[in-house]
Amino acid sequence: MTIRVVLADDQPLVRAGLTMVIADLPDLEIAGEAGTGAEAVRLVRELGPDVVVMDIRMPEMDGIEATREITAAAGAPRVLILTTFDDDDNVYAALRAGASGFLVKDMALLDIIAAVRVVAAGDALIAPSVTRRLIEEFADRPETPARGPARPLDGITEREREVLTLVGRGMSNAEIAAELYIGPATAKTHVARLLTKLGARDRIQLVIAAYEAGLVTPYR
């Protein structure tokens with residue numbers, strides 16, 4: 001199956017670099033390119049891509065609002081944020097808007113392509129180091145929503161609460177298994193149940209839920 005991609009970035013060089021790489025790949029194709037968030041929303045509605053690679057800072061409509069509009073629709077494509085983390089305060093908001101992950105623009109092009117395949121397969125892209133940086137960066141910001149469960153946590157078991165906490169700390173299923181002395185398959189099952197119980201689309205939303213519920217302590 002060919003993964004159809006919309007590139008949304010106001011920098012033509014970024015789009016050109018990705019287009020050059022994708023043109024040589026049999027499993028990916030560029031469905032369209034957008035230079036603004038509003039144009040990205042329009043192209044998604046017209047073309048029905050599988051993945052949108054989305055910048056955050058764009059004219060007319062930024063990538064956060066565009067992501068929110070795109071992911072709110074039925075059968076929405078996955079959105080992969082491509083931005084510069086160190087100077088972009090809006091990454092957390094983009095994830096809350098429905099993005100399935102984010103990358104930084106200084107990553108190798110082949111790594112970005114690999115990430116497109118990951119989110120197209122229905123997985124979330126969030127590395128442990130990125131999770132920790134998100135928590136550190138946004139934990140104490142006054143504009144960050146006050147801590148408290150974004151989703152009710154009453155329906156989860158104590159073990160699931162432990163697993164959710166470790167997911168929020170950026171641990172993989174294997175790391176969670178080792179931490180709790182359980183099998184990797186059991187850890188995977190707990191994560192799957194949390195996704196269902198909390199109505200989360202992917203692992204990133206579990207990280208956000210753990211943070212907002214106050215289960216995660218920022219690393220300092």
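Output the direction-averaged projected area (hull surface divided by four) of the convex hull of the alpha-carbon atoms of segment 1-86, in nm².
Its Cα hull, projected and averaged over all orientations, spans 5.4 nm².
Work out the length of the dipole vector of segment 3-125 about its Cα centre, built from +1 on the beta-carbon of each Lys and Arg and -1 on the beta-carbon of each Asp and Glu, and round it to the nearest 20 debye.
Numbers: 10 positive and 21 negative charges, 79 e Å.
The dipole magnitude comes to about 380 debye.
Give the residue list of trypsin sites (Lys or Arg not before Pro) in segment 4-113 that are DSSP loop and have at most 16 other beta-carbon atoms within 10 angstrom.
Details: sites: ARG4, ARG15, ARG42, ARG45, ARG57, ARG68, ARG78, ARG96, LYS105; in loops: ARG57, LYS105.
When the trypsin sites (Lys or Arg not before Pro) of segment 4-113 are filtered for loop state and at most 16 Cβ neighbours within 10 Å, ARG57, LYS105 remain.
Could you work out how far apart the two model spin labels at ALA74 and MET107 are, taking each label as a point 7 Å from the Cα in the direction of the beta carbon, and quote it in nm?
Taking the simple label geometry, ALA74 and MET107 are separated by 3.2 nm.
Could you list GLU39, GLU162 so that the one with the fewest beta carbons within 10 Å of its beta carbon is first and the one with the most is last?
In order of increasing Cβ crowding within 10 Å: GLU162, GLU39.
Each reported figure results from applying straightforward, stated rules to the coordinates on display, with no laboratory input. Bear in mind that the values here come from a model prediction, so they are computed numbers and not experimental data. Note: ideal-geometry Cβ built from the backbone for every residue, glycine included; neighbour counts use all protein chains shown.
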